[in-house]
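Engineer: Before I ask anything, here is the structure I am working with.
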Amino acid sequence: MSAAPTTTPPSGTGVFSKTRARIAARTLRTDRWWLPPLLTAIGLAAFVGYATIRSFVRTAYWVPQYHYLTPFYSPCLSDSCAPGSSHFGTPFGELPMWIPLGFVVLPFLLGFRLTCYYYRKAYYRSVWFSPPACAVAEPHTRYTGESRLPLIIQNSHRYFFYVAVVVSVINTYDAIYAFHGDTGGFGFGLGNIVLTVNVILLWAYTLSCHSCRHIAGGRLKHFSAHPVRYWFWTQVSKLNTRHMALAWTTLGTLALTDFYVMLVASQTISDLRFVN
Ligand code: FES
């Protein structure tokens, strides 16, 4: 892709500051630097579109005979939830249609992903263009980093992490509760594998979080005096090297898990049963 010439602003910060070379072209790169941010934007938009639609439709999210509940509706805490899908009671009454049934955790899960260090890198480049790629000038004339609103909110990531841990516990409970047979008692089907794999990967993504790594081993002067925290920090550090891969994998498994539950709940397909 050829570099598009632009008019350089008279002054500003970053690449537009007075001390930087005045180059009319936005970039001198001739490779396809725009491809990774484009693919990232498409991937994120696809997930956000799918998750938004599924969160509002209120259909095919619960399979009563096998106790399969999609993670997009967990925990379901209102009288509007399908009978049996409220594993933690119904402290909220009927909800109007414009409120998703998973409204209690969805804002926190969204906040957890939006403030994630990896996703910041992804959408700063692909959506915010700040900058879109290495050696490609950003369209913004000023750069204030994450020191002012709205981006200063990014510093709340560790608090979203705490909530994400609670949500992972709830999803784990859902996955265990789903080992239920058509005629009662224990049951095991393909849906259990889908739910279990999803929850394992969610734990891997959550524990690989940079904030988790800091909570585990940060602010320690001597690892030798804290062997348990050191061990935990070592394990989290190994996971942390795969944080980007886990971020994308869990977007995929979340959507796939929901999709599978939707197909079974709507009786489009039958769950492949191994036991009961
Ligand atoms: Fe990605 Fe915390 S840094 S979830």
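Engineer: Restricting segment 211-228 to residues that are surrounded by fewer than 17 Cβ atoms within 10 Å (Cβ to Cβ) and closer than 30 Å to L114 by Cβ, which is nearest to the chain's Cα centre (by Cα)?
Structural biologist: H214
Engineer: Right, another one. Which one of the conditions (1) within 16 Å of the ligand (Cβ to nearest atom); (2) surrounded by 15 or more Cβ atoms within 10 Å (Cβ to Cβ); (3) more than 13 Å from the chain's Cα centre (by Cα); (4) aromatic (F, W, Y) does Y159 fail to meet, given that it meets all the rest?
Structural biologist: Y159 satisfies all of (1) within 16 Å of the ligand (Cβ to nearest atom); (2) surrounded by 15 or more Cβ atoms within 10 Å (Cβ to Cβ); (3) more than 13 Å from the chain's Cα centre (by Cα); (4) aromatic (F, W, Y) except (2).
Engineer: Confirm whether A133 is under 30 Å from A25 (Cα atoms) and open to solvent by less than 40 Å² (accessible area, probe 1.4 Å).
Structural biologist: yes
Engineer: So which residues in segment 11-28 are touching a residue at least 12 places away in the same chain (Cβ under 8 Å), assigned to a loop (DSSP other than H, G, I, E, B) and of a type outside the set (S, T, N, Q)?
Structural biologist: G12, R22, I23, A24, R26, L28
Engineer: Checking D31 against (1) touching a strand residue (DSSP E or B) at 6+ places or on another chain (Cβ under 7 Å); (2) in a loop (DSSP other than H, G, I, E, B); (3) modelled with pLDDT of 90 or more: exactly one of these is not met. Which one?
Structural biologist: Result: D31 passes all but (1).
Engineer: May I pose another question? I'm checking my understanding of the structure. Among residues of segment 250-273 that are under 24 Å from L207 (Cβ atoms) and among the polar types (S, T, N, Q), which one is surrounded by the most Cβ atoms within 10 Å (Cβ to Cβ)?
Structural biologist: So the residue we want is T257.
Yes or no, residue by residue, for (1) farther than 22 Å from S78 by Cβ; (2) open to solvent by 60 Å² or more (accessible area, probe 1.4 Å):
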| residue | (1), (2) |
| --- | --- |
| E138 | yes, no |
| R148 | yes, yes |
| I152 | yes, yes |
| I170 | no, no |
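Engineer: Output the residues belonging to segment 24-50 that are of a type in the set (A, V, I, L, M, F, W, C) and either crowded, with 21+ Cβ neighbours inside 10 Å or over 22 Å from Y119 (Cβ atoms) (or both).
Structural biologist: Matches in segment 24-50: A24, A25, L28.
Engineer: I've got another one for you. State which residue is nearest to the ligand (Cβ to nearest atom) when the search covers only segment 99-129 and only residues that are over 30 Å from D79 (Cβ atoms) and open to solvent by less than 30 Å² (accessible area, probe 1.4 Å).
Structural biologist: C116
Engineer: Now a separate question. In this structure, is L239 open to solvent by less than 30 Å² (accessible area, probe 1.4 Å), of a type in the set (A, V, I, L, M), part of a helix (DSSP H, G or I) and within 13 Å of the ligand (Cβ to nearest atom)? Even if it seems obvious, please write down each step before you answer.
Structural biologist: Working: open to solvent by less than 30 Å² (accessible area, probe 1.4 Å): no; of a type in the set (A, V, I, L, M): yes; part of a helix (DSSP H, G or I): yes; within 13 Å of the ligand (Cβ to nearest atom): yes.
For L239, the condition - open to solvent by less than 30 Å² (accessible area, probe 1.4 Å), of a type in the set (A, V, I, L, M), part of a helix (DSSP H, G or I) and within 13 Å of the ligand (Cβ to nearest atom) - is not met.
The values are calculated or read from the model by the stated rules, or taken from the named source; none is laboratory data. Just so it is clear, the model here is predicted, and its values are computed rather than measured. We place every Cβ from the backbone using ideal geometry, glycine too, and count neighbours over all the protein chains shown. We work out accessible area using only protein heavy atoms, side chains counted, and drop any ligands, DNA or RNA first. Shrake-Rupley method; radii C 1.70, N 1.55, O 1.52, S 1.80 Å.
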